[in-house]
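Structure first, commentary second.
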Amino acid sequence: MMSRTPLKTLTAAILAASAFSVQAAEYEWTFQTSETAGEPQFEMKKQWAENVEKMSDGRISIEILPVGAVVQANQTLQAVKSGILQGHLTDPSYFTGQNPAFGMIGNLVGAWSDPYNFLDYMNNGGGEEIYNKLSESYGVHLIGAAATGLESLPSSKPIRSVEDMKGLKLRTPEGMVSNVFDKAGATPVNLPGSEVYTSLEKGVIDAADYTVFATNQSQGLHEFANYPLYPGFHSLPMVAVSINNEIWNGLPSDLKAILSTSVDAMAYKMVGQLKTRDLKAVREARKDPNIHIIDLPAEERAKFRSIAKQEWQSWADKNATTQEFYNSVVSYLENHNLLKAEDGSSGDKQASTDSQS
């Protein structure tokens, strides 16, 4: 007669197997983002953490927290350096007060007409190397750069020219974005993103440099700011996916490769998904007779970019890093024929025209 395994022995074996399958990860980290829970970008960043866990076979476990969960958005750099957080996924512009190079690299206003160009510059044009020299001096290593997409500009007043920006009460973050709009004639108002909706509703501001069209639409901003500018022309914030430098230096090479690869994958997926959401939201908005989407004319975009380029040069003089970045990015834009001509035509369009002649 066949012997039976005692119930206690079988139960112990099952529990042992279960314990093995859910054993603690080798590395358990907490990263804070610059979005509130539930925003599309927040969910994309959570998905990135899940992918890292899968790619590393459970060796790395990352908890993603929303903005303000541990420290304020402009304090995560120091929190990652000190080990309060192990990493962050955020816009470096928040750290402009600590070094102007963070603001310049984080959002070079008016430079990028396509987020894929920005990602190419960061990955292949020297951008990440320059950023890492900066961030590692603050104890933080850049795993990789991502980007959202060109932000739209929700406004309660029609903006069809740079002239129309004069006197416009415009919410901007501190730093280069604020400076450029100030030189364009607007009146910048520094407010946190959490106050944009109520400030537009109450008329505290007329317009807002905030985020992408789809998010503005889903949050109801176009109810009060029903003259949104789209496609965007001004702001394309970087998303710095960074980790404590000592932790990074102590990682084995295979996990470093997994992290780097995972960030690159997230970066391109994020751009694609946000673009798809924007196009869908634009189609929906066009059905509303109260929403009037404005595509700023090419010649007006050129005027704005001319103002922005003057500000780039001013910021280049601030320190050695801003000068290095300025030289690097202008060289990239020129070499890739991406600097717009003063007549409003883009370099790539001009190249197409030349090739047909």
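The values are calculated or read from the model by the stated rules, or taken from the named source; none is laboratory data. Since we're looking at a predicted model, the values are computed, not measured. All Cβ positions, even for glycine, are placed from backbone atoms using ideal geometry, and neighbour counts span all protein chains on display. With ligands, DNA and RNA removed, areas are computed over all heavy atoms of the protein, side chains included. Shrake-Rupley method; radii C 1.70, N 1.55, O 1.52, S 1.80 Å.
Give the residues of the range 264-277 that are under 18 Å from Thr215 (Cβ atoms) and either open to solvent by 10 Å² or more (accessible area, probe 1.4 Å) or in a loop (DSSP other than H, G, I, E, B) (or both), sorted by residue number.
Met266, Lys269, Gly272, Gln273, Lys275, Thr276, Arg277
Return the pairs, sorted by first residue and then second, in which the second residue is open to solvent by 20 Å² or more (accessible area, probe 1.4 Å) and assigned to a helix (DSSP H, G or I), the first residue lies in the range 256-282 and is touching a residue at least 40 places away in the same chain (Cβ under 8 Å) and among the acidic types (Asp, Glu), the beta carbons are less than 8 Å apart, and the residues are 6+ apart or on different chains.
What qualifies is Asp264/Asn123.
At pLDDT 95 or above, in a helix (DSSP H, G or I) and not basic (Lys, Arg) - does that describe any residue in the range 63-74?
Within the range 63-74, none of the residues are at pLDDT 95 or above, in a helix (DSSP H, G or I) and not basic (Lys, Arg).
Go over the candidates His292, His336 one by one and state the one that is open to solvent by 30 Å² or more (accessible area, probe 1.4 Å), modelled with pLDDT of 90 or more and under 15 Å from Asp114 (Cβ atoms).
Residue meeting the stated conditions: His336.
Restricting the range 123-161 to residues that are closer than 23 Å to Phe213 by Cβ and hydrophobic (A, V, I, L, M, F, W, C), which is most open to solvent (accessible area, probe 1.4 Å)?
Leu150
Select from the range 221-236 the residues that are in a loop (DSSP other than H, G, I, E, B) and open to solvent by 10 Å² or more (accessible area, probe 1.4 Å) and write down the one among them that is modelled with the lowest pLDDT.
Phe233
Which residue pairs have Cβ atoms under 9 Å apart, sit 6 or more places apart or on different chains, and have a first residue in the range 317-328 that is not in a helix (DSSP H, G or I) and a second that is not aromatic (Phe, Trp, Tyr)?
Short answer, once both residue conditions are applied: Asp317/Gln323; Lys318/Asn99; Lys318/Pro100; Lys318/Ala101; Lys318/Met104; Asn319/Asn99; Asn319/Pro100; Asn319/Ala101.
All but one of (1) touching a Pro at 6+ places or on another chain (Cβ under 9 Å); (2) modelled with pLDDT of 95 or more hold for Lys166, so report the exception by its number.
For Lys166, the failing item is (1).
Being among the aromatic types (Phe, Trp, Tyr), under 15 Å from Arg171 (Cα atoms) and not in a loop (DSSP other than H, G, I, E, B) is the filter here, so list the residues in the range 201-220 that pass it.
none
From (1) modelled with pLDDT of 95 or more; (2) open to solvent by less than 10 Å² (accessible area, probe 1.4 Å), pick out the condition that doesn't hold for Asp206.
Only one criterion in (1) modelled with pLDDT of 95 or more; (2) open to solvent by less than 10 Å² (accessible area, probe 1.4 Å) is unmet by Asp206, namely (2).
Give me the pairs, please: first residue somewhere in the range 194-209 and at positive phi, second residue anywhere and open to solvent by 10 Å² or more (accessible area, probe 1.4 Å) and modelled with pLDDT of 95 or more, beta-carbon distance under 8 Å, and either six or more positions apart or on two chains.
Gly203/Ser156
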